[in-house]
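Readers should treat all values here as calculations from the given coordinates under stated rules, not as data from a laboratory. From a predicted model like this one, the values you see are computed outputs, not experimental measurements. In this analysis, Cβ positions are derived from the backbone assuming ideal geometry, glycine residues included, and neighbour counts consider all displayed protein chains.
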Amino acid sequence: PYENILEDINTNLTLIQDEMIENTATLDQETLNQLFQMTPYAYKTSIEDKQRLLKIPTLDLTCQFRIRVYEKTSM
């Protein structure tokens, strides 16, 4: 795992809300596999590592999302 760097975007819009949402969940094997299939890692991961993933019965996962709301700048 690695941490994604949160960078500011260059825009003419005004940031009016910036919120970080964090949640934890326990994923069963089927859900874990479905989530994995929705990521670029499904195409980049070796067959051996995919097989290791299929052997994990459950996984405790922390998800973090940053939601930013912008509005048009008045002229």
Legend entry - Among (1) outside any helix (DSSP H, G or I); (2) more than 13 Å from the chain's Cα centre (by Cα); (3) surrounded by 11 or more Cβ atoms within 10 Å (Cβ to Cβ), the one test that LEU61 misses: (2)
Legend entry - Verdict on ALA25 being among the small types (Gly, Ala, Ser), in a helix (DSSP H, G or I), under 15 Å from the mean Cα position of the chain (by Cα) and within 22 Å of GLU3 (Cα to Cα): no
Legend entry - Enumeration of residues in the stretch 1-35 that are among the hydroxyl-bearing types (Ser, Thr, Tyr), more than 22 Å from ARG68 (Cβ to Cβ) and surrounded by 10 or more Cβ atoms within 10 Å (Cβ to Cβ): THR26, THR31
Inset, instruction - Could you tell me which of the residues LEU53, LEU15 is within 18 Å of the chain's Cα centre (by Cα) and hydrophobic (A, V, I, L, M, F, W, C)? - result: LEU53
